[in-house]
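Please treat every number below as a calculation from the coordinates, not as lab data. Note that the coordinates shown come from a computational prediction; the quantities given were computed from them, not determined experimentally. Neighbour counts run over all protein chains shown; Cβ positions are idealised from the backbone, glycine included.
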Ligand SMILES: Cc1cc2nc3c(=O)[nH]c(=O)nc-3n(C[C@H](O)[C@H](O)[C@H](O)COP(=O)(O)OP(=O)(O)OC[C@H]3O[C@@H](n4cnc5c(N)ncnc54)[C@H](O)[C@@H]3O)c2cc1C
């Protein structure tokens, strides 16, 4: 059986951060990086908007500000981002504060979906040139940490140390791995919300601040704003019983005057935390997702704000005729009534957030604005870590969004570095 000093599962930012740290350490070790797809499927491949300010992307249960900033410096030094300019921030901040909300000013960069792919290709080439073995298009299916090998859809491979960083899409896979290893975990938190799509003139703040981070009361926030050549997409998820459901998401290509569609999209999410009785955030989200596909005939739902305010279901004709001034960028969504599918408490707080946002940046509640549902973020696996390097069992490390150590590209990269530092100690 082939054997490596370090196996890294997942070629997203967590896996990349770890691989480059191992190389930079100068320790002589053989490294294998596996991914089930040729190019990682998370944020680097989709939109690649990177945030370089704490606490964006750093879950507070694992990161203190000093620690996060220490690692953010390393991420910045490696990625050398070109930070986007911002303007008029104080004006928006004052308006937000009047309403009991806040606008966080953060350092950001945006490569776009096309720029992200370019970055991934460059990083893969650097790794390969440095002697890292890349096995892309190979899916890991199981682990045996007693005999120190993994199984994939092609073979068995031995390891001395392993980092598993499968991202949000690998949330379910990671739970299976934790069951196999006997690692305790909880996943009691989930973000549920909608994606808003409108014309740029109805949300002009994006000309001043590419991805404005508004925080509203009751743990509601804006997330992942895209503009210019911006599109809403749907991501397919499968429950453990094999039922399919969708979460919507958004991304943008690099700004290009000839291709810009004049639209902007962003999520408004509410964090839901289960305490007593402790429930699984993933299972809760799956039930919501299944309810939405049931109502949408197998598709996510969409509704015009004008219809929502009137308590009226949106119809196909509301998206095709000239009644409103733009067509949805997501073709595969069903006109519907999202208030029938979304828990009322979540919807109430989200709508309250939207009204506040419309007061801060007037325009968002234009009748033509589209609300897509559901947008769900499954990144709340909280494994029981046994040290500060995200070790779960001797020689086994987790990192990234699927393992709850990050909520964004830079946080994932930082988690990968932190896990690699633990692995490097084992290599001594
Ligand atoms: C559509 C979309 C857009 C996003 N946009 C942004 C953004 O612009 N900015 C931002 O900061 N964050 C964004 N995010 C969040 C972002 O994905 C993460 O924060 C970041 O990519 C997490 O990094 P990661 O390394 O943990 O996981 P990922 O980047 O998701 O990488 C994990 C990799 O593991 C692989 N994998 C999973 N299971 C297996 C298996 N069993 N065997 C082998 N390989 C496996 C996957 O194929 C994947 O490539 C986005 C997420 C999505 C889904």
| task | Report the label-to-label distance for residue 144 and residue 107 in nanometres (one decimal), using points 7 Å from each Cα along the Cα→Cβ vector. | result | 4.7 nm
| request: Only residues of the stretch 20-62 count here: report those whose backbone N is under 20 Å from the spot 7 Å along Cα→Cβ of residue 69, or say none. | output: 51-62
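What FRET efficiency comes out for residue 348 versus residue 241 if R0 is 25 angstrom and r is the Cβ-Cβ distance? Round to the nearest 0.05.
Calculated value: 0.25.
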| request: For the chain, report the translational diffusion coefficient in µm²/s to the nearest whole number, using Stokes-Einstein at 20 °C, 1.002 mPa s, and a Kirkwood Rh over Cα pairs. | output: 97 µm²/s
| field | Distance between modelled label sites at residue 30 and residue 280, nm, 7 Å Cα→Cβ extension | value | 3.7 nm
| message | Springs between alpha-carbon pairs under 10 angstrom, Gaussian network model over the chain: which of 313, 195, 407 fluctuates most? | response | 313
| request: Rank by packing, highest mean first: peptides 20-28, 329-337, 86-94, 185-193, with packing defined as the count of other Cβ atoms within 10 Å averaged across residues. | output: 185-193, 329-337, 20-28, 86-94
| field | Amide N proximity, the stretch 145-185 versus residue 133 label position 7 Å along Cα-to-Cβ, cut-off under 18 Å | value | 148-164
| task | Beyond 31 Å, what share of the Cα-Cα pairs of the stretch 189-377 is found? Please give it as a whole percent. | result | 12 percent
| note | Taking 286-297, 246-257 and ranking on average Cβ neighbours within 10 Å, highest first, one gets 246-257, 286-297
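If you build the convex hull over the alpha carbons only and average its shadow over all orientations, what do you get for the stretch 285-422? Give it in nm² to one decimal.
Numbers: hull surface 44.3 nm².
Over every viewing direction, the Cα hull of the stretch 285-422 projects on average to 11.1 nm².
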| For the stretch 189-377, what relative contact order do you get, as a whole percent, if you take Cα pairs closer than 8 Å and at least 6 residues apart? | 33 percent
| task | Mind giving me the nanometre distance, one decimal, between the label points for residue 340 and residue 176, set 7 Å out from Cα along Cα→Cβ? | result | 3.5 nm
| query | In a GNM of the chain with a 10 Å cut-off on Cα contacts, which of 302, 310, 44 has the highest mean-square fluctuation? | reply | 310
| remark: Per-residue ellipticity at 222 nm attributable to helices in the chain (runs of n ≥ 4 DSSP H, -39500 (n - 2.57) apiece, nearest 500 deg cm²/dmol) works out to -9500 deg cm²/dmol
| remark: Descending packing, highest mean Cβ count within 10 Å first, for 216-224, 394-402 is 394-402, 216-224
| field | the stretch 277-428: relative contact order in percent, alpha carbon pairs under 8 Å with at least 6 residues between | value | 21 percent
| message | Looking at the chain as a GNM with Cα springs under 10 Å, which of 68, 285, 77 has the largest mean-square fluctuation? | response | 77
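Expressed as a rounded percentage, what relative contact order does the chain have, with Cα pairs under 8 Å and six or more residues apart?
Values: 968 pairs, mean separation 106.5, N = 428.
Relative contact order here is 25 percent.
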